[in-house]
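Shown next, in structure tokens, is the structure this report addresses.
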Amino acid sequence: MRARDVVFVDGVRTPFGKSGPTGIYAHVRADDLVVRVIRELLRRNPTLPKDRIGEVAIAATTQIGDQGLTIGRTAAILAGLPQTVPGFAIDRMCAGAMTAVTAVAGEVALGAVDVAIAGGVEHMGRHPMGEGVDPNPRFVSEQLVDSSALSMGMTAENLHDRFPAITKARADEYAAASQRKLAQAYTAGKIQPDLVPMAIRTPAGAGEQELGWGWATTDEPPRPDTTAQALAGLKTPFRPHGRVTAGNSSGINDGATGCVIAAEEVARELGLTAKMRLVDFSFAGVGPEVMGIGPVPATETLLARNNLTMDDIGLIEINEAFAVQVLAFLDHFKIDGDDPRVNPWGGAIALGHPLASSGVRLMIQLAREFAEHPDVRYGLTTMCVGLGMGGTVLWERS
């Protein structure tokens, strides 16, 4: 047996929305977000026969309601794929979509399937993080984890404690830069090509007129006029006189992502364009109370296994769950906060972070960036993961 090379063919996502009763997806089902993504992937890749798709893997952190019922399978049926195409659901919290990609990549590499669809969805307005969860009391009573481990904001404050050189001012400046970079990318038309317009409905509220149906065509969370000075005055909800604010963190968001993963030889056979090749991946565990440091050991393991250093990496897409978490990663690898390799089009602080969907969002942007930088051979997508994990995927120009 030989392992086949695995490639990222194409990826799309819905615009990301703000969660809550006034967000763009307040009256849209989570599974419909995924269905729209799958249908768009098929539309954009007309030479891909539906019956060649061997797996649909969709992640959701809160697998309940319209995000439950083995959403990979149900979304595949709803999207019009043949009933012979199987599917499954994944939960690795924030790294759900990333894990969906690495899981189907293993199937493709071994020859179990030729082509797969992988992605994620999170409708945090309908399903708040932690809905229906019942943590075992032994976690705290037996001191298996610090009590702060179950609050992502507190874990970010813990990182500030561990790395005092990462001040609130640095975090705010990084957050403002993320907003600026995204605004510039939007102006240059770099984000829009991979957004799939989503039908949305605004029903009548109390005493209001029915607004009917419309289209979500752009991301809702960005605040392009954000400045570090404005962020400095925001409240610190997780700790009095803390350093983590709504401005230097990702938001509470809704959205879905998806991509086509295939064997490189099959992509050529079907006339599909491979945007990048998956080289290797690594997931690592860290102390749950400092989950934001997770990308560091995951990346170290990956680089060492492939005899690479950070100097070999030309592009880095890191999920901005919190500014402090990104800065801890950059400081560890001695990378400047304004290094042009890092999130050149902005990140989750500006775009939002619909938990399980974000891993593929990183891949979509990296694939586009590869196309703009023909001199770059290697790129990374990396993210921290709740309960003390990190995940990193190494990609190569195909």
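Which of rounded, prolate, oblate describes the stretch 176-244, given a ≥ b ≥ c as roots of the alpha-carbon gyration tensor eigenvalues and a/c under 1.5 marking rounded, otherwise prolate only if a/b is larger than b/c?
On the way: a/c = 3.14, a/b = 1.34, b/c = 2.33.
Here the stretch 176-244 falls in the oblate category.
When the Karplus curve 6.51 cos²θ - 1.76 cosθ + 1.60 is applied with θ = phi - 60°, which whole-Hz ³J(HN,Hα) does each residue of the stretch 89-98 get, with x for Gly and Pro?
Once θ is set to phi - 60°, the couplings for the stretch 89-98 become 10, 9, 9, 10, 6, 4, 8, x, 5, 4 Hz.
Taking +1 at the Cβ of each Lys and Arg and -1 at the Cβ of each Asp and Glu, which of THR301, VAL266, PRO288 sits farthest along the dipole of the stretch 238-333 towards its positive end, judged by Cα position relative to the Cα centre?
PRO288
Can you pick out the pairs among LYS181/LYS334; LYS18/LYS190; LYS18/LYS50; LYS18/LYS334 whose Cα atoms lie more than 23 Å from each other?
Details: LYS181/LYS334 21 Å; LYS18/LYS190 21 Å; LYS18/LYS50 33 Å; LYS18/LYS334 34 Å.
Checking Cα-Cα distances, LYS18/LYS50; LYS18/LYS334 exceed 23 Å.
Step through the residues of the stretch 3-14 one at a time and calculate ³J(HN,Hα) from phi using the Karplus curve (6.51 cos²θ - 1.76 cosθ + 1.60, θ = phi - 60°), rounding each to whole Hz and writing x for Gly and Pro.
For the stretch 3-14, the Karplus curve yields 7, 8, 5, 10, 10, 8, 8, 6, x, 9, 8, 6 Hz.
Would you work out the relative contact order for the stretch 252-398, in percent, from Cα pairs under 8 angstrom that are 6 or more residues apart? If you can, show how the numbers build up before the last one.
Numbers: 256 pairs, mean separation 63.3, N = 147.
Relative contact order comes out at 43 percent.
Which order do HIS160, HIS27, HIS241 take when ranked by solvent-accessible area (1.4 Å probe, heavy atoms of all protein chains), largest first? Write down the numbers at each step before the final one.
On the way: HIS160 5, HIS27 95, HIS241 180 Å².
Order by accessible area, largest first: HIS241, HIS27, HIS160.
Identify which of VAL12, VAL385, VAL35 has the largest mean-square fluctuation in a Gaussian network model of the chain, with springs joining Cα atoms closer than 10 Å.
VAL35
When ligands, DNA and RNA are left out and all protein chains stay put, how many square angstrom of accessible area per residue does the stretch 277-328 have with a 1.4 Å probe?
Details: 1550 Å² over 52 residues.
Dividing the accessible area of the stretch 277-328 by its residue count gives 30 Å².
Quick one: dipole size for the stretch 95-147, taken about the Cα centre, charges +1 on Lys/Arg Cβ and -1 on Asp/Glu Cβ, in debye to the nearest 20. Intermediate results must be reported in sequence, preceding the final value.
On the way: 2 positive and 7 negative charges, 12 e Å.
For the stretch 95-147, the charge dipole is close to 60 debye.
To the nearest 10 square angstrom, what accessible area does GLU220 show with a 1.4 Å probe?
Counting only protein heavy atoms, GLU220 exposes about 50 Å² to solvent.
How big is D, in µm² s⁻¹, for the stretch 98-161 by Stokes-Einstein at 37 °C and 0.692 mPa s if Rh is the Kirkwood radius over C-alpha pairs?
Reported coefficient: 213 µm²/s.
For the chain, what proportion of DSSP beta bridges, expressed in % and rounded to the nearest 5, is antiparallel? Can you show the working numbers first?
On the way: 44 of 62 bridges.
If I count the DSSP bridges inside the chain, around 70 percent turn out antiparallel.
If contacts are Cα pairs under 8 angstrom and at least 6 residues apart, what is the relative contact order of the chain in percent? Write down the numbers at each step before the final one.
Numbers: 955 pairs, mean separation 109.9, N = 398.
Relative contact order for the chain comes out at 28 percent.
In whole percent, what relative contact order does the stretch 26-111 give with Cα contacts below 8 Å and a gap of six or more residues? Before the final figure, lay out each step's value.
Values: 105 pairs, mean separation 27.2, N = 86.
So the answer I get is 32 percent.
Answer rounded, prolate or oblate for the stretch 274-372, using the Cα gyration tensor with square roots of eigenvalues a ≥ b ≥ c: rounded when a/c is under 1.5, else prolate when a/b is larger than b/c, else oblate. Working shown, then result.
Working: a/c = 1.31, a/b = 1.06, b/c = 1.23.
Because its axes are fairly even, with a/c under 1.5, the stretch 274-372 counts as rounded.
Which of these values of Rg/Rh (Cα atoms, Kirkwood Rh) was calculated from the structure shown: (i) 0.99; (ii) 1.03; (iii) 0.95?
Correct label, based on the coordinates given: (iii).
Provide ARG4, ARG162 ordered by accessible surface of protein heavy atoms (probe 1.4 Å), highest first.
Solvent-accessible surface, decreasing: ARG162, ARG4.
Taking the Cα centre of the chain as the origin, how large is its charge dipole in debye, to the nearest 20, when only Lys and Arg (+1) and Asp and Glu (-1) carry charge on their Cβ atoms?
Roughly 380 debye for the chain.
If you take the charge dipole of the chain about its Cα centre, with +1 on Lys and Arg Cβ and -1 on Asp and Glu Cβ, which of PRO164, ALA256, ALA3 is farthest toward its positive end?
The residue sitting farthest along the positive end of the dipole is ALA256.
Find the accessible area per residue for the stretch 1-71; the probe is 1.4 Å, ligands and nucleic acids are left out, and the unit is Å².
Details: 2860 Å² over 71 residues.
With all protein chains present, the stretch 1-71 gives 40 Å² per residue.
Place a +1 charge on the Cβ of each Lys and Arg in the stretch 268-398 and a -1 charge on the Cβ of each Asp and Glu, then give the dipole magnitude about the Cα centre in debye, rounded to the nearest 20.
Numbers: 10 positive and 16 negative charges, 91 e Å.
Roughly 440 debye, rounded to the nearest 20.
Quick check: at a probe of 1.4 Å, how many percent of the accessible area of the chain sits on carbon and sulfur atoms? Before the final figure, lay out each step's value.
Working: 8640 of 16090 Å².
Carbon-and-sulfur percentage of accessible area, whole number: 54.
Considering only the other residues whose Cβ falls under 11 Å of the Cβ of PRO222, what net charge follows from Lys and Arg at +1 and Asp and Glu at -1? Before the final figure, lay out the partial values.
Working: positive: LYS18, ARG180, LYS181, ARG223; negative: ASP219, GLU220, ASP225.
Spelling it out: positives minus negatives among the neighbours equals +1.
Amide H to amide H under 5 Å from VAL6: which residues, 5+ apart in sequence or cross-chain, H placed 1.01 Å off N in plane?
GLU264, LEU278
Sequence neighbours fewer than 8 away in the same chain don't count; with that in mind, list the aspartates and glutamates whose C-alpha is under 15 Å from LYS275.
Candidates past the 8-residue exclusion: ASP5, ASP10, ASP194, GLU264, GLU265, GLU369, GLU372, ASP375, GLU396.
Each residue of the stretch 179-194 in turn: what ³J(HN,Hα) in whole Hz from Karplus with 6.51, -1.76, 1.60 and θ = phi - 60°, glycine and Pro shown as x?
Rounded to whole hertz, the list is 5, 5, 5, 5, 4, 5, 5, 4, 4, 7, x, 8, 8, 4, x, 10.
For the full complex of protein chains and a 1.4 angstrom probe, list PHE370, PHE322 by accessible area with the highest value first. Present the calculation step by step, with values, prior to reporting the outcome.
Values: PHE370 0, PHE322 25 Å².
Most to least solvent-accessible, the answer reads PHE322, PHE370.
Can you give the helix-only mean residue ellipticity at 222 nm for the chain, where every DSSP H stretch with n ≥ 4 adds -39500 (n - 2.57) and the sum goes over all residues, rounded to the nearest 500 deg cm²/dmol? Could you put the intermediate results ahead of the total?
Numbers: 12 runs with 124 residues, N = 398.
Taken over the chain, the calculation gives -9000 deg cm²/dmol.
The values are calculated or read from the model by the stated rules, or taken from the named source; none is laboratory data. Keep in mind that this is a model prediction, so the values were computed, not measured. Every residue, glycine among them, receives a Cβ derived from its backbone with ideal geometry; neighbour counts consider all protein chains shown. All accessible areas refer to the heavy atoms of the entire protein, side chains included, with ligands and DNA or RNA removed. Shrake-Rupley method; radii C 1.70, N 1.55, O 1.52, S 1.80 Å.
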